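Shown next, in structure tokens, is the structure this report addresses.
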Amino acid sequence: MTSIRSNPRAAAGLGVLGLLVLIALSAGWLAPYDPAAQVGQVFGRPSGSHLLGLDDGGHDVLSLLLYGTRPTLFIGAAAAVVAVLVGGCIGVVAGYFGGWIDGLLMRITDYAIVIPALPLGIVMAAVWGTSIGQLVLVISLLLWTSTARVVRAETASLKNRPYIRRIRGLGASHLRIIGRHLVPQLAPLLSAMAALTIALAIFTETALTFLGLGDPSTVTWGTMIRFAFQRTAMSQGAWWAFAPPGIAVSLVVMCCYWVSQSLEDTLNPRLRVAHLARRYFEVRGS
Amino acid sequence: MSRTGHLIRRLLATMVTIYVVVTLNFLLFRVLPGDAVSNLSRVPGGSPELSAALRRQFGLDQPLWEQYWIYLGRLLHGDLGVSFTTQEPVGDRLMVAFGNTLPLVAAGLVLALLLGLVTGTLAAWFRGGWVDRLSTSTAIAFYSVPTHFLGLLLILLLGNQLPTQGMHDEFLIDPTWAARTADLVRHMVLPVVTIALIVFGQYTLVVRSSMLETLGDDHVLTARALGAGPVRTLTKHVLPNAMLPITTLVALSLGGLIGGSILVETVFSWPGAGRAMYESVVQRDYPMLQGVFLVLTISVVTLNLLADLLSVRLDPRVAQ
């Protein structure tokens, strides 16, 4: 936690994410127009009354962007929670019990990890359907593998620490050891993975939506980019129809990345040591 | 011995993965509501007899496992079925599409790797300084931008100077071979740059952290203590060791590269495998969709195997 406070990027990342959650909650209150209503001319330029211009249907882009925060963040967070839960459970069970359970679970993970995510997501979404619930399911099924791998490695190294052995010697049950002693130790790792998975989930949502596999009845940042592309915003030069949602997605992904990175740095201080960093020579030389 | 053992284990694992993908490809499409026939028999004057005849013709009246055997048998003969939209064999269409995708992805990968190696090494070398901050921030920025959004931005910025659609200019009159190639290269610039920019960020970060990890190793300190200069230390003692995670990274990023090429080809109307996948989604052309998915996945899995074997060549300890 201290490292997050001393790390300006991580602090900025958390701050922006918090702000976006607030925006999502108060979108109805902040948005200047009804996002579904035609309030001006098609592809109208940004102006005083429409700060980010108008889209292909004459809707206010700023209002769409504010309202779009809700489903976008929801899909990202929900898919990340499911993915990290699934991956975490598989990782902990495999790492803790070892033996054939480990072999079986990690074999399954190995098979799943090499299948390219977007093509598999496209096929699943095309077959199953594209409501928000189905999208969350599809995206989480694509993203659990890396969490499972990382958590397994960490669990396998934790379970042989002397204190865990002693607790086991004192007669603690498996459930108690995992729940009371392993999971708290894994918490920073799990949150780092969750932050990264939120970013990947939002990414995947925009990609699937761009390919026509999003929920057409909801306005997300992904659908905004899709409609702008499909309905000739490019040939009209209407950059304002797709740039705001694109920048918003990039911003969220960047913030999630910073947060996850600083958590990971805390876990792996070895990366801070380098015998051949430029600075090291200077210190040495002086 | 252990190396052969590793080779055999990896080969077996790859074959099982491919088998799982093939089966998944069969099962996923069998949970669809209705089947191919319910759509095809919706012609004027279509009768239940017609549906039944079509079902017999497609083998859909057989039990599921029987269909599965037929599917596997046809697949082994390279028969991927017939496209719903063009009535051409899926295999033939895929050959053309993959032929168009390969140069795009390969050029993007090489460009990204060059960029990533240079910026990653510089960042690790000038660790903590402004070069490091600049190159990691750039890397993270490009890592964060959605592929299709970057493509659209590039069209907006450079769309006036460079072609943004397709592979060829259809209006060239009797082009010579050179003119045609130059035209193709011009059409390739924007999609290739998009692919490269999307992946290079990831490469920079991994090259940087893998260099840093190696820079902290004891043997580097020893080399320094024995009087090796910075350049010699870097090229002789750090880079060779840091290459290993980079090989693994390239293999792991192949899936993302393929995913990226689907988006890039959609944005730039490049007639490749990714565009074929997009079109088959839009047109609900399931045999085509199945075919693209299968070939994409099998090529990524196979390339992963090759990368793994390469990393064993580079560092035999991996096999143990």
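Cβ-Cβ contacts under 6 Å between residues 6 or more apart (or on different chains), taken from a first residue in segment B:278-292 that is outside any helix (DSSP H, G or I) to a second residue that is open to solvent by 50 Å² or more (accessible area, probe 1.4 Å), are listed as B:283/B:85; B:285/B:84; B:285/B:85. For segment A:2-22, indicate whether the set of residues that are closer than 22 Å to residue A:135 by Cβ and either open to solvent by 30 Å² or more (accessible area, probe 1.4 Å) or more than 16 Å from the chain's Cα centre (by Cα) (or both) is non-empty. Yes, there is a match, as at least one residue in segment A:2-22 is closer than 22 Å to residue A:135 by Cβ and either open to solvent by 30 Å² or more (accessible area, probe 1.4 Å) or more than 16 Å from the chain's Cα centre (by Cα) (or both).
Here is a list: B:187, B:148. Which entry is under 19 Å from residue B:106 (Cα atoms), open to solvent by less than 20 Å² (accessible area, probe 1.4 Å) and facing chain A (nearest Cβ under 8 Å)? Going through B:187, B:148 in turn, the sole match is B:148. Counting only residues that are open to solvent by less than 50 Å² (accessible area, probe 1.4 Å) and in contact (Cβ under 8 Å) with a residue 12 or more places away in the chain, which one in segment B:120-131 is nearest to the other protein chains (Cβ to nearest Cβ)? Among those that are open to solvent by less than 50 Å² (accessible area, probe 1.4 Å) and in contact (Cβ under 8 Å) with a residue 12 or more places away in the chain, it is B:125.
Within segment A:111-162, the residues that satisfy the criterion of being more than 24 Å from residue B:251 (Cβ to Cβ), within 9 Å of chain B (Cβ to nearest Cβ) and touching a residue at least 60 places away in the same chain (Cβ under 8 Å) are A:125, A:126.
Tell me, which residue of segment B:203-230 that is within 36 Å of the chain's Cα centre (by Cα) and away from chain A (no Cβ under 11 Å) is farthest from residue B:249 (Cα to Cα)? That would be B:204. As for segment A:129-136, it holds at least one residue that is closer than 22 Å to residue A:242 by Cβ and not β-branched (Val, Ile, Thr).
Taking (1) open to solvent by less than 10 Å² (accessible area, probe 1.4 Å); (2) over 30 Å from residue A:45 (Cβ atoms); (3) in a helix (DSSP H, G or I) in turn, residue A:253 satisfies each apart from (2).
When restricted to residues that are under 25 Å from residue B:22 (Cβ atoms), more than 8 Å from every other protein chain (Cβ to nearest Cβ) and surrounded by 16 or more Cβ atoms within 10 Å (Cβ to Cβ), segment B:266-285 contains 8.
Taking first residues from segment B:103-119 that are free of Cβ contacts under 8 Å to residues at least 12 places away in the same chain and partners that are open to solvent by 50 Å² or more (accessible area, probe 1.4 Å), no Cβ contact under 9 Å between residues at least 6 apart in sequence or on separate chains turns up.
Quick one: which residue in B:221, B:252, B:215 is more than 30 Å from residue A:229 (Cβ to Cβ), surrounded by fewer than 19 Cβ atoms within 10 Å (Cβ to Cβ) and out of contact with any Phe, Trp or Tyr (no Cβ under 8 Å at 6 or more places or on another chain)?
Numbers: B:252 fails: more than 30 Å from residue A:229 (Cβ to Cβ); B:215 fails: surrounded by fewer than 19 Cβ atoms within 10 Å (Cβ to Cβ).
Going through B:221, B:252, B:215 in turn, the sole match is B:221.
Applying a threshold of 7 Å to beta carbon distances and a minimum spacing of six or more residues, or different chains, the list of pairs starting in segment A:189-203 at a residue that is in contact (Cβ under 8 Å) with a residue 12 or more places away in the chain and ending at one that is surrounded by 24 or more Cβ atoms within 10 Å (Cβ to Cβ) and not in a helix (DSSP H, G or I) reads A:203/B:146.
Among the conditions (1) closer than 30 Å to residue B:244 by Cα; (2) touching a residue at least 40 places away in the same chain (Cβ under 8 Å); (3) surrounded by fewer than 17 Cβ atoms within 10 Å (Cβ to Cβ), the only one that residue B:206 does not satisfy is (3). Taking the criterion of being open to solvent by 30 Å² or more (accessible area, probe 1.4 Å) and more than 16 Å from the chain's Cα centre (by Cα), the only residue of segment A:238-250 that qualifies is A:239.
Checked across segment A:185-193, the condition of being within 14 Å of chain B (Cβ to nearest Cβ), modelled with pLDDT of 85 or more and part of a helix (DSSP H, G or I) holds for no residue. Looking across segment B:134-145 at every residue that is of a type in the set (A, V, I, L, M) and open to solvent by less than 30 Å² (accessible area, probe 1.4 Å), the one that is modelled with the highest pLDDT is identified as B:145.
Restricting A:31, A:36 to those that are modelled with pLDDT under 85, open to solvent by 50 Å² or more (accessible area, probe 1.4 Å), over 21 Å from the mean Cα position of the chain (by Cα) and among the hydrophobic types (A, V, I, L, M, F, W, C) reduces the list to A:36.
Could you list, in sequence order, the residues of segment A:65-92 that are among the aliphatic types (A, V, I, L, M) and open to solvent by 10 Å² or more (accessible area, probe 1.4 Å)?
Scanning segment A:65-92 gives A:65, A:66, A:73, A:77, A:78, A:81, A:82, A:84, A:85, A:86, A:90, A:92.
Count of segment B:153-174 residues, restricted to those that are of a type outside the set (Val, Ile, Thr), over 20 Å from the mean Cα position of the chain (by Cα) and open to solvent by less than 50 Å² (accessible area, probe 1.4 Å), is 4. Inside segment A:200-243, residues that are under 20 Å from residue A:131 (Cβ atoms), in a helix (DSSP H, G or I) and either more than 11 Å from chain B (Cβ to nearest Cβ) or among the aliphatic types (A, V, I, L, M) (or both) make up a count of 8.
The values are calculated or read from the model by the stated rules, or taken from the named source; none is laboratory data. This one's a predicted model, so the numbers in the text were calculated from it and none came from an experiment. Please note: Cβ atoms are built from the backbone with ideal geometry, for glycine as well, and neighbour counts cover all protein chains shown. SASA here: full protein model, heavy atoms, side chains in, ligands and nucleic acids out. Shrake-Rupley method; radii C 1.70, N 1.55, O 1.52, S 1.80 Å.
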